[in-house]
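Here is the structure we will look at, set down as structure tokens.
The values are calculated or read from the model by the stated rules, or taken from the named source; none is laboratory data. The shown structure was predicted, so the numbers you read here are calculated from the model rather than taken from an experiment. Methodologically, a virtual Cβ is constructed for each residue, glycine included, from the backbone with ideal geometry; neighbour enumeration extends over all protein chains shown. Side chains included, ligands, DNA and RNA excluded: accessible areas come from the protein's heavy atoms. Shrake-Rupley method; radii C 1.70, N 1.55, O 1.52, S 1.80 Å.
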Amino acid sequence: MNGFSQCKGVITAGGIGFRMLPFSKEIPKEMFPIITYNGSHSLELKPLVQAIFEQLYSVGVRDFCFVVGRGKRAIEDHFSPDPGFSAFLKEKGLDPECLSHFYEKIRSSNIVFLNQPESLGFGDAVLLGRPFVRGTFIVQAGDTFILSEGEEHLKRLALMHQKYQASATILVTEVSDPRHYGVVQGSPLEDGVMRITAAEEKPEKPRTNIAIMPLYVFTEEIFNALSDTEPGKNGELQLTDAIQKLVTEGRPVIGVKLRTDELRLDMGTPETMVEALRLSLGYVDARATKESLRMDLDTPTLSASEPKETTPLRKQS
């Protein structure tokens, strides 16, 4: 499994982001923007959930389940192609390419929207996908995005899931305060990969600082584990508790560590959103510089009488 061409993607949009009020009352945090680079020396503001969809699309996923709760209609509207708006932009002499490419991806995908009437937990959101999912599938929360060169983190997840014939493969990273995350313990299998031996949701006294990032590869075994799991923290069905059930049953559960050059963008709080915007801007600046250098190498050397002007992506302070 070199990619996810045979996988279905489940993208979950949770409840109201209470720490993002009042902005998040009407606008889902999954629709908050990150900064992306369109390859033409210009910046774009892209909804986080669109960036997640396009990233999964780029590694071969074509079947998607979006689990959305009440008040998330903006997500479904965004993923409904609007040819009238594209025509309006053309009439005004504006370039709708950023939308037309997105709409092409939507039209070549199979997309199902599932309603989560009550906020009963991440595990409940995943369990809703059971009637629509067969075989191996990938799950990602709609408020967290990983930036990596060539989507390398996704490729590692797929490779390790296959290599160790895992029931669950989870992206993990070390954090300074793990009390706000699902936390795992384990033993090393190889560099950057561990066999998970315990998982706990938001422990008051974490035993490690290795936190679960909300990006997973599962087999259908997770559905049975979720069905047999009682509500946990905050009275919700916790995905971490179902993962612990897989561990208890002796199923192989693998953790793949985020690398130091891979960035996590989190829209959970005002502080992390500001940091996400800063990180994404720095990332696209670096990418634009790299592409400019590559273009320079591909361009015949200019004589001293023909100086080459370069246009920065943005003004430097």
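What the table shows:
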quantity	calculated
Of the trypsin sites (Lys or Arg not before Pro) in region 18-107, those whose Cβ has at most 12 other Cβ within 10 Å and which sit in DSSP loop	Arg70, Lys92
Carbon and sulfur %, accessible surface of the chain computed with the full protein complex present, 1.4 Å	51 percent
Total charge dipole magnitude, region 136-237, about the Cα centre, Cβ charges on Lys, Arg, Asp, Glu only, Debye to nearest 20	200 debye
Among Phe18, Gly84, Pro47 - extreme Cα towards positive end, dipole of the chain, charges at beta-carbon	Phe18
Region 128-183: trypsin sites (Lys or Arg not before Pro) in DSSP coil with no more than 15 other Cβ atoms inside 10 Å	Arg134
20 Å cut-off, amide nitrogen to a point 7 angstrom out along Glu271 Cα→Cβ, residues in region 152-177	173-177
Positive dipole terminus of the chain, leading residue within Leu226, Met273, His153 (C-beta point charges)	Leu226
Extension gain (nm, one decimal) between Arg130 and Leu189, 0.36 nm per residue minus Cα-Cα	18.2 nm
Sequence-distant residues sharing a close amide H with Gly232 (under 5 Å, placed H)	Leu237, Gln238
Difference of contour (0.36 nm per residue) and Cα-Cα distance, Lys163 to Ser58	35.6 nm
R0 of 35 Å, Cβ-Cβ distance Glu118-Ser176: FRET efficiency to nearest 0.05	0.60
Whole-number percent relative contact order across the chain, with pairs defined as alpha carbons under 8 Å at least 6 apart	22 percent
Simple Cβ-charge dipole of region 94-161, Lys/Arg +1 and Asp/Glu -1, about Cα centre, in debye nearest 20	400 debye
Dipole magnitude (debye, nearest 20) for the chain, charges at Cβ of Lys, Arg, Asp, Glu	200 debye
Cα shape, region 208-269, gyration tensor, a/c 1.5 rule	oblate
For Cys98, solvent-accessible area (1.4 Å; no DNA, RNA or ligand), Å²	70 Å²
Theoretical gain in end-to-end length, Phe18 to Glu204 [0.36 nm per residue, Cα-Cα removed]	64.9 nm
Solvent-accessible area per residue for region 140-215 (1.4 angstrom probe, square angstrom)	45 Å²
Accessible surface ranking that places the most exposed of Val193, Val274 first, with a 1.4 angstrom probe	Val274, Val193
Order of exposure, largest accessible area first, which applies to Lys202, Lys245 with probe 1.4 Å	Lys202, Lys245
